[in-house]
1. Here are several values of Rg and Dmax of the Cα atoms in Å: (1) 14.8, 45; (2) 17.3, 54; (3) 20.1, 77. Which one was derived from the coordinates shown?
2. If exposed means no more than 12 neighbouring beta carbons inside 10 Å and the site is in a DSSP loop, what's the longest run of the chain without any exposed trypsin sites (Lys or Arg not before Pro)?
3. Express in nm, to one decimal, how much length is gained between residue 134 and residue 122 on full extension, taking 0.36 nm for each residue of separation and deducting their alpha carbon distance.
4. For the chain, what are the DSSP H helices with axial Cα length of 24 Å or more and mean Kyte-Doolittle hydropathy of at least 1.0?
5. Farthest toward the dipole's positive end in the range 14-139, which of 126, 35, 46, given Cβ charges of +1 (Lys, Arg) and -1 (Asp, Glu) about the Cα centre?
6. Multiply the residue separation of residue 94 and residue 114 by 0.36 nm, subtract the distance between their alpha-carbon atoms, and state the gained length in nm to one decimal.
7. With charges only on Cβ, +1 for K and R and -1 for D and E, what is the dipole size of the chain about its Cα centre, in debye, rounded to 20?
8. Can you give me the long-range amide H partners of residue 12? Hydrogens built in the peptide plane at 1.01 Å from N, cutoff under 5 Å, separation of 5 or more residues or another chain.
Amino acid sequence: MAKRKKSDKKKRPIAVSVIAVAIVVLFLIRLVQFFTPLLSENVFTSGITGPFFTGWRLTGISTTLLSSASYLILSVAGIVTLIGFLHLRRWSWVLLMAWTGVSLLISLVDYFYSHANYVVMASNIIIAFALNITDVQRMFGVRRANGSSL
């Protein structure tokens with residue numbers, strides 16, 4: 001029977017897995033937000049019809065396409081960030097922290113002025129708290145072992 005080699009790698013904190021699951025949840029929400037307006041405008045059955053502008057204003061179909069494209073970009077960026085995060089890259093921690101802050105700000109504005117997406121808000125809050133755990137910050141090189149920030 002072969003002996004198993006002992007690994008010198010540190011074990012990932014559970015918060016890293018929680019953050020990864022929250023990113024996947026956000027990815028799935030963004031995919032739904034990508035497809036829903038396109039389905040309501042019947043883009044998949046009848047194609048893109050009509051003008052994109054009337055004067056200097058966007059038409060309904062162009063607003064739908066712009067909205068869906070932005071959600072698709074957010075979905076792809078989320079997956080790229082998730083891959084970097086699972087590889088414990090420092091840039092992914094910084095990007096995810098900035099992204100979470102901006103997303104929380106947008107969610108709060110939506111909460112006060114229109115309709116809030118509570119699943120996105122909850123996912124962002126979980127990510128924000130998990131990113132600030134000392135062990136997670138040490139894994140990504142944001143905080144030193146003695147507790148001081150870089």
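Just so you know, all these numbers are worked out from the coordinates, no wet-lab data involved. None of these values were measured; they are calculated from a predicted model. Virtual Cβ from ideal backbone geometry, glycine too; neighbours counted across all protein chains shown.
1. (3)
2. 12-143
3. Working: separation 12, 0.36 × 12 = 4.32 nm, distance 2.09 nm.
Here the answer is 2.2 nm.
4. Values: long enough: 14-40 (39 Å, 2.37); 60-86 (39 Å, 1.74); 90-113 (35 Å, 1.07).
Helix filter hits for the chain: 14-40, 60-86, 90-113.
5. Farthest along the dipole direction, towards plus: 126.
6. This chain segment gains 4.3 nm when fully extended.
7. Numbers: 15 positive and 4 negative charges, 274 e Å.
Using only the charged Cβ atoms, the result is roughly 1320 debye.
8. When sequence neighbours closer than 5 places are left aside, there are no close amide H contacts.
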